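**Student:** A single structure is presented below for examination.
The values are calculated or read from the model by the stated rules, or taken from the named source; none is laboratory data. Since the structure is predicted, the reported quantities are computational estimates derived from the model, not experimental observations. Cβ placement follows ideal geometry from the backbone for every residue including glycine, while neighbour counts extend to all protein chains displayed. SASA here: full protein model, heavy atoms, side chains in, ligands and nucleic acids out. Shrake-Rupley method; radii C 1.70, N 1.55, O 1.52, S 1.80 Å.
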Amino acid sequence: MQALAIRRRTHGDEHPDTLVSMNHLASTYRRQGKSKEAEELQTQALDISKRLFGESHQYTLFSTNNLVLIYLEQERWEEAEVLIIDALVVETAVLSQEHQYTLTSLSNLASVYRYQKRWEECEDLEIKLLDMHKRIFGEEHRHVKHHDQSGNNI
C-alpha cells in the first residue's frame, strides 16, 4: 500500500510503475481474501491500461489475467470465461499461440472449465497445453514434469 501511495504521489495514476504497484496490491488483496478490494483495484488498473496502452499491451493482458483469477475466486465463471477468451483472441493475434501470456490465458481458461465442471473441454485444453509445453520447453522442463505428476496444468 505504501509503494502504491508513493508511486501515485510521485508519478500519478497513469504511470507504468503505478500500474505495476496496483497489480501487485490487487494480487495481495486476492490472496488475503479481500475480494472486493482486489476487484476494485484490478478493474482500475485494467481500465487505465486499456486507455493508455490498448488491448494488446503487456500491462493490459497481465491485468486481464489477474482479474480473471479474482472472478474465479468469486465463482463468477461466465464473466471470467468471457474476459479470458477476449484476452486469448488478442494474444494469439498479436503475440503468438506459444507466448507466455497466451499459455497463461489458456491455463486460466482450463481452470474456468474445471470450476464449471466442463470436464471434456477442460481435458482437451489440458492435453493441448501439455503438448505445447513439451514442444516449447522439452520433456524435462519443470512445467511438463509438474503437469505429468499432478495431472494439473501449471
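**Student:** If I model a spin label as a point 7 Å beyond the Cα along the Cα-Cβ vector, how far apart are those points for Gln116 and Gln44 in nm?
**Tutor:** Those two pseudo-labels are separated by 3.1 nm.
**Student:** Could you point to the residue in Gln44, Leu67, Leu25 farthest towards the positive end of region 1-78's charge dipole, with +1 and -1 charges on the Cβ of Lys/Arg and Asp/Glu respectively?
**Tutor:** In region 1-78, that residue is Leu25.
**Student:** Right, something else. Suppose only helical runs count, i.e. DSSP H with n ≥ 4. What mean residue ellipticity at 222 nm does that imply for the chain under -39500 (n - 2.57) per run, divided by all residues and rounded to the nearest 500 deg cm²/dmol?
**Tutor:** Working: 8 runs with 123 residues, N = 154.
Computed ellipticity for the chain at 222 nm equals -26500 deg cm²/dmol.
**Student:** Here's another thing I want to ask about it. Can you compute the label reach from Glu14? Point 7 Å from Cα along the Cβ direction, backbone N cut-off under 19 Å, restricted to region 49-73.
**Tutor:** Residues 49-61, 63 qualify, since their backbone N sits under 19 Å from the label point.
**Student:** Here's something else I'd like to know. Roughly what would the spin-label model give for Glu78 and Ser35, points 7 Å off Cα along C-beta, in nm?
**Tutor:** Rounded to a tenth, the inter-label distance reads 1.7 nm.
**Student:** Given R₀ = 35 Å, what would the calculated FRET efficiency be for Asp86 paired with Ala5, taking r from the Cβ atoms and rounding to 0.05? Numbers along the way, then the final one.
**Tutor:** Numbers: r = 31 Å, r/R0 = 0.90.
The pair Asp86/Ala5 has a calculated efficiency of 0.65.
**Student:** What is the magnitude of the charge dipole of region 1-96 about its Cα centre, with +1 placed on the Cβ of each Lys and Arg, -1 on the Cβ of each Asp and Glu, and no other charges, expressed in debye to the nearest 20? Walk me through the numbers on the way to the answer.
**Tutor:** Working: 10 positive and 15 negative charges, 102 e Å.
With only Lys, Arg, Asp and Glu charged at Cβ, the dipole is about 480 debye.
**Student:** May I have the extent of the alpha carbons of the chain along their three principal axes, as whole Å values ordered from largest to smallest?
**Tutor:** Cα extents, longest axis first: 47, 29, 26 Å.
**Student:** What are the DSSP H helices in the chain that stretch 18 Å or more along their long axis, judged by alpha-carbon atoms, and whose average Kyte-Doolittle hydropathy comes to at least 0.0? Intermediate results must be reported in sequence, preceding the final value.
**Tutor:** Details: long enough: 16-31 (23 Å, -0.60); 35-53 (26 Å, -0.70); 58-73 (23 Å, 0.49); 77-94 (25 Å, 1.09); 100-115 (23 Å, -0.11); 119-137 (26 Å, -0.52).
Answer set is 58-73, 77-94.
**Student:** Just in region 64-99: which GluC sites (Glu not before Pro) are loop by DSSP and have at most 11 other Cβ atoms within 10 Å?
**Tutor:** Details: sites: Glu73, Glu75, Glu78, Glu79, Glu81, Glu91, Glu98; in loops: Glu75, Glu98.
Answer in residue order: Glu75.
**Student:** Next up: Under 8 Å for C-alpha pairs, at least 6 residues apart: give me the relative contact order for region 1-113, rounded to a whole percent. Could the numbers behind the result be given before it?
**Tutor:** Numbers: 121 pairs, mean separation 19.8, N = 113.
That works out to 18 percent.
**Student:** Now for a separate question. Calculate the length of the line joining the C-alpha centroid of region 99-123 to that of region 16-55, in whole Å.
**Tutor:** 22
**Student:** So how do Val68, Val90, Val82 rank on accessible area, 1.4 Å probe, biggest first, that is with the largest at the start? Please report the intermediate quantities before stating the final value.
**Tutor:** Numbers: Val68 0, Val90 30, Val82 90 Å².
Reading off the accessible areas and sorting them downward yields Val82, Val90, Val68.
**Student:** Another question about this same structure. Determine Rg/Rh for region 47-122; Rg is computed over alpha-carbon atoms and Rh is the Kirkwood hydrodynamic estimate from the same atoms.
**Tutor:** On the way: Rg = 12.0 Å, Rh = 12.4 Å.
When Rh is taken as the Kirkwood radius, the ratio is 0.97.
**Student:** If the cut-off is 27 Å between C-alpha atoms, which lysines fall inside it for Lys117, apart from same-chain ones fewer than 8 positions away?
**Tutor:** Cα-Cα hits under 27 Å: Lys34, Lys36, Lys128, Lys134, Lys145.
**Student:** State the answer as a single residue: which of Thr104, Gln2, Ile84 lies farthest towards the positive end of the charge dipole of the chain, with beta carbon charges of +1 for Lys and Arg and -1 for Asp and Glu, about the Cα centre.
**Tutor:** The residue sitting most towards the positive pole is Gln2.
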